[in-house]
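K.L.:
Dropping a structure here in structure tokens format, bear with me for questions.
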Amino acid sequence: MKSSSPLSWLKSREGLYYLALALLLVVILPLALDPFRLNMVGKYLTYAFVAIGLVMCWGKAGILSLGQGVFFGLGGYCMAMFLKLEASTPEATAHQSTPGIPDFMDWNQVTALPWFWEPFHSFSFTLIAVLLVPGLLAFIIGVAMFKRRVSGVYFAIITQAIASILTILIIGQQGYTGGVNGITDLQTLMGWSIRTDAAKTTLYFVGVGTLFVCLFVARWVQNSKFGRILVAMRDQENRVRFSGYDVAAFKIFIFCLAAMFAGVGGALFTLQVGFMSPSFVGIVPSIEMVVFCALGGRYSLLGGVYGALLVNAAKSGFSESFPELWPYAMGALFIGVVLAFPNGLAGLYRRYVMPLEDRLFSRKPAARPARPEPARREDKTLPDHLSVEKP
Amino acid sequence: MNKDDFLLAVEGLTVSFDGFKAVDDLSFYLEPQEIRVIIGPNGAGKTTVLDLICGKTRATAGSIRFRGKELTKMKEHQIVHAGVGRKFQNPSVFEDLTVFENLEVSYPMGHTVMGSLAFKRDAAVIEAVESVARTIFLHDLLAEPAGLLSHGQKQWLEIGMLLIQKPALLMLDEPVAGMSVAERKKTAELLRVITRDHTVLVIEHDMQFVGDIADRVTVMHQGKVLSEGSIDHVKNDPRVIEVYLGH
Ligand SMILES: Nc1ncnc2c1ncn2[C@@H]1O[C@H](COP(=O)(O)OP(=O)(O)O)[C@@H](O)[C@H]1O
Ligand SMILES: [Mg+2]
């Protein structure tokens with residue numbers, strides 16, 4: 001946790017794991033995969049943003065949100081609105097009864113651009129909105145819930161209800177949102193076509209870079225005293241409160257951060273895939289996001305990234321052959337993870353692979369790694385001078 | 001003496017849970033540097049009194065004045081910042097953090113969101129943590145996760161977490177309950193050190209121990225003050241004898 005030079009950090013164990021991920025995403029996958037597959041990985045990566053937000057919010061702080069799709073969707077819709085406006089020039093839409101507005105508006109007898117679409121002509125506004133719209137909604141939900149001490153299952157259910165409400169709203173307001181089809185037919189970003197293979201590969205690298213920025217932000221938060229307070233809150237909320245902290249403020253902050261990460265992921269998703277629709281917003285995708293995080297390991301940022309990649313890859317593989325079986329497979333996966341290895345892949349890695357690494361590279365066992373998962377008493381051998389009486 | 005000359009003035013304090021008055025029109029006053037012990041049978045409302053003072057439970061009626069501030073209207077963390085530290089009956093420490101981190105989290109700096117993000121572990125922090133760790137006999141265990149401590153060590157750690165806050169009033173709820181004989185002795189020693197320069201409000205059953213440390217004793221029964229005074233005074237109060245031995 002000591003801030004040493006970046007170079008010596010890269011040589012540390014944690015630094016090497018980050019390097020390995022960078023190597024995989026920047027070198028290996030682009031070399032090994034054709035543009036189509038790489039684009040798929042780019043799409044999976046956009047979910048990794050949600051996963052690292054969930055690691056912070058659920059893993060570290062113990063706040064389970066089953067509505068992250070809402071924030072992912074809002075970020076995605078902000079980007080889609082910008083791209084849609086760019087695609088709806090008066091020339092391109094000359095055949096409409098009202099040229100210059102998005103096609104779905106015209107089909108729904110909307111005759112003027114709604115006021116809340118106007119600012120999305122500006123790309124800088126859009127970029128800010130990608131962060132602030134999800135952040136603001138999370139702030140409002142956070143203030144309403146955490147100040148009233150709503151937590152645990154109740155909070156999870158409320159986030160799920162919000163996901164459901166937003167989906168209904170988007171589908172119901174077809175004329176303003178594109179309804180169930182979403183916002184489609186997106187072509188260019190400031191004149192640059194986003195549909196070519198080359199563009200998708202470029203967007204993939206933009207996504208990877210942005211992911212690392214988010215990872216480092218999350219890592220910084222996690223290693224600050226703030227991060228330790230999150231863990232403390234998960235353990236003993238009252239003790240944190242009676243140590244002089246305004247618990248609600250900490251929860252609101254981390255929930256907003258997770259929402260903004262999700263929003264960034266959503267915006268990149270829209271760019272990578274070329275459209276946005278309510279099917280990425282509702283209850284099912286929101287739960288899937290929690291599964292990525294659980295499978296990867298909810299206490300580990302990198303675990304979250306790998307979880308998002310692997311579950312989505314498995315989903316694509318499965319859906320190509322047995323699409324109707326995927327929901328069952330995912331359900332089974334989730335139950336399996338929760339029952340058999342609650343710390344996910346990262347937990348398994350820590351337990352089985354790290355000791356091997358220690359032997360292989362004759363490293364001294366990491367005395368105390370950043371301890372991303374709870375000390376599990378049964379996993380540890382007790383020093384002789386300590387006796388543990390279980391209450 | 002004026003009401004605000006006391007460190008703590010509790011007056012007419014009442015809380016009712018669905019009509020059941022766990023604390024009923026209770027009044028007592030603490031002077032600075034005083035060591036006050038609250039005793040009373042189980043269910044007398046002792047823990048609830050501490051809950052009311054630290055803001056965990058909201059009073060139905062009455063007032064709690066602390067250094068000129070009315071605590072009944074303040075939020076929990078504001079009460080802590082006003083100078084009230086409270087130890088719970090069951091040890092509550094952060095099991096996933098080390099002993100060092102437990103104490104550091106309690107160090108009275110960087111308590112806001114931004115403050116905690118910017119917080120630096122500087123020499124003053126390390127010094128404060130190590131000094132408190134020595135007082136609570138955990139100096140050799142600073143790097144251990146608190147989850148690995150024994151029951152007694154967790155109790156000490158929680159006391160340490162209060163000490164590092166430098167509270168003007170320390171409230172301890174049955175600090176030696178569940179401890180081994182050896183741990184009890186060390187805790188008594190620890191409390192004697194603490195009581196030298198703190199005002200302490202402590203709930204305890206061990207009469208030997210109470211006699212050792214208390215300036216004054218308040219006996220509670222059914223949410224009310226039954227008797228108050230020196231240990232000898234309350235021990236010989238017929239009403240107290242009646243409650244403890246009468247049935
Ligand atoms: N939050 C609560 N809701 C309902 N009843 C409570 C609550 N807290 C305490 N009580 C009741 O108040 C009474 C006093 O409890 P307590 O203060 O814990 O007693 P003591 O610490 O003296 O043993 C008990 O009868 C208890 O059941
Ligand atoms: Mg009690």
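The values are calculated or read from the model by the stated rules, or taken from the named source; none is laboratory data. Remember, predicted model here, so these are calculated numbers, not experimental data. All Cβ positions, even for glycine, are placed from backbone atoms using ideal geometry, and neighbour counts span all protein chains on display. Side chains included, ligands, DNA and RNA excluded: accessible areas come from the protein's heavy atoms. Shrake-Rupley method; radii C 1.70, N 1.55, O 1.52, S 1.80 Å.
K.L.:
Here's a check for you: in the range B:144-153, which residue that is open to solvent by 20 Å² or more (accessible area, probe 1.4 Å) and free of Cβ contacts under 8 Å to residues at least 60 places away in the same chain is farthest from the chain's Cα centre (by Cα)? Spell out the reasoning first.
P.N.:
Residues of the range B:144-153 open to solvent by 20 Å² or more (accessible area, probe 1.4 Å): B:144, B:151, B:153.
Subset that is free of Cβ contacts under 8 Å to residues at least 60 places away in the same chain: B:144, B:153.
Values: B:Glu144: 25, B:Gln153: 17 Å.
Applying the filter and picking the extreme gives B:Glu144.
K.L.:
Take the residues in the range A:179-200 that are open to solvent by 80 Å² or more (accessible area, probe 1.4 Å) and in a loop (DSSP other than H, G, I, E, B); name whichever of them is nearest to A:Phe280 (Cα to Cα). Before you say what the answer is, go through the steps one by one.
P.N.:
First, pick out the residues of the range A:179-200 that are open to solvent by 80 Å² or more (accessible area, probe 1.4 Å): A:180-181, A:185, A:190, A:192, A:195, A:197.
Checking which are in a loop (DSSP other than H, G, I, E, B) leaves us with A:185, A:190, A:195.
Working: A:Asp185: 17, A:Met190: 25, A:Arg195: 20 Å.
Ranking the qualifying residues of the range A:179-200, first place goes to A:Asp185.
K.L.:
While we're on this one: Of (1) within 12 Å of another protein chain (Cβ to nearest Cβ); (2) within 16 Å of ligand 1 (Cβ to nearest atom), B:Val217 satisfies all except one. Which?
P.N.:
(1)
K.L.:
Can you tell me how many residues in the range B:81-119 are away from ligand 2 (no atom under 16 Å from the Cβ) and polar (S, T, N, Q)?
P.N.:
5
K.L.:
Mind listing whichever residues of the range A:141-160 are among the small types (Gly, Ala, Ser), assigned to a helix (DSSP H, G or I) and touching a residue at least 60 places away in the same chain (Cβ under 8 Å)? Please lay out each step first, then the result.
P.N.:
Looking only at the range A:141-160, we keep the residues that are among the small types (Gly, Ala, Ser), and these are A:142, A:144, A:151-152, A:156.
Remaining after also requiring assigned to a helix (DSSP H, G or I): A:142, A:144, A:152, A:156.
Hits for the range A:141-160 are A:Gly142, A:Gly152, A:Ala156.
K.L.:
Within 18 Å of the chain's Cα centre (by Cα), more than 7 Å from ligand 1 (Cβ to nearest atom) and not in a loop (DSSP other than H, G, I, E, B): does that describe B:Val23? Working first, answer last.
P.N.:
Values: within 18 Å of the chain's Cα centre (by Cα): yes; more than 7 Å from ligand 1 (Cβ to nearest atom): yes; not in a loop (DSSP other than H, G, I, E, B): yes.
Here the answer is yes, as B:Val23 does meet what is asked.
K.L.:
Scanning the range B:29-51 for residues that are of a type in the set (A, V, I, L, M, F, W, C) and within 13 Å of ligand 2 (Cβ to nearest atom), which turns out nearest to B:Thr195 (Cα to Cα)? Talk me through it step by step, then tell me what you get.
P.N.:
At the first step, the residues of the range B:29-51 found to be of a type in the set (A, V, I, L, M, F, W, C) are B:30, B:35, B:37-39, B:44, B:49-50.
Retained after the next criterion (residues that are within 13 Å of ligand 2 (Cβ to nearest atom)): B:38-39, B:44, B:49-50.
Values: B:Ile38: 15, B:Ile39: 18, B:Ala44: 25, B:Val49: 20, B:Leu50: 18 Å.
My answer is B:Ile38.
K.L.:
Looking at the range B:173-238, what strands (runs of 3 or more DSSP E) fall wholly within it and have at least 2 residues that are small (Gly, Ala, Ser) and either open to solvent by less than 20 Å² (accessible area, probe 1.4 Å) or away from ligand 2 (no atom under 16 Å from the Cβ) (or both)?
P.N.:
B:224-229
K.L.:
In addition: When you scan the range B:11-30, do you find a residue that is open to solvent by 50 Å² or more (accessible area, probe 1.4 Å), touching a residue at least 60 places away in the same chain (Cβ under 8 Å) and over 18 Å from B:Val234 (Cα atoms), even just one?
P.N.:
yes
K.L.:
Follow-up question, since we're still on this one. So, in the range B:14-28, how many residues would count as being within 16 Å of ligand 2 (Cβ to nearest atom) and touching a strand residue (DSSP E or B) at 6+ places or on another chain (Cβ under 7 Å)?
P.N.:
4
K.L.:
Within the range B:78-90, which residues are open to solvent by 30 Å² or more (accessible area, probe 1.4 Å) and either facing another protein chain (nearest Cβ under 9 Å) or at pLDDT 95 or above (or both)? Write out each step before concluding.
P.N.:
Pass one, the range B:78-90, residues open to solvent by 30 Å² or more (accessible area, probe 1.4 Å): B:78, B:81, B:89-90.
Matches in the range B:78-90: B:Gln78, B:His81, B:Asn90.
K.L.:
Identify the residue in the range B:125-143 that is assigned to a loop (DSSP other than H, G, I, E, B) and crowded, with 19+ Cβ neighbours inside 10 Å and, among all such residues, is farthest from the other protein chains (Cβ to nearest Cβ). Talk me through it step by step, then tell me what you get.
P.N.:
The initial filter retains those residues of the range B:125-143 that are assigned to a loop (DSSP other than H, G, I, E, B), namely B:136-138, B:142-143.
If we keep only those that are crowded, with 19+ Cβ neighbours inside 10 Å as well, we get B:136, B:138.
Numbers: B:Ile136: 15, B:Leu138: 11 Å.
The extreme case among them is B:Ile136.
K.L.:
Taking the stated definitions as given, is B:Thr57 surrounded by fewer than 18 Cβ atoms within 10 Å (Cβ to Cβ) and either within 12 Å of chain A (Cβ to nearest Cβ) or within 16 Å of ligand 1 (Cβ to nearest atom) (or both)? Steps first, answer last, please.
P.N.:
Numbers: surrounded by fewer than 18 Cβ atoms within 10 Å (Cβ to Cβ): yes; either within 12 Å of chain A (Cβ to nearest Cβ) or within 16 Å of ligand 1 (Cβ to nearest atom) (or both): yes.
When the stated conditions are applied, B:Thr57 passes them.
K.L.:
Let me ask another. In this structure, is B:Leu97 within 10 Å of another protein chain (Cβ to nearest Cβ), more than 16 Å from ligand 1 (Cβ to nearest atom) and in contact with a Ser or Thr (Cβ under 7 Å, 6 or more places away or on another chain)?
P.N.:
Numbers: within 10 Å of another protein chain (Cβ to nearest Cβ): yes; more than 16 Å from ligand 1 (Cβ to nearest atom): yes; in contact with a Ser or Thr (Cβ under 7 Å, 6 or more places away or on another chain): no.
So B:Leu97 fails the test.
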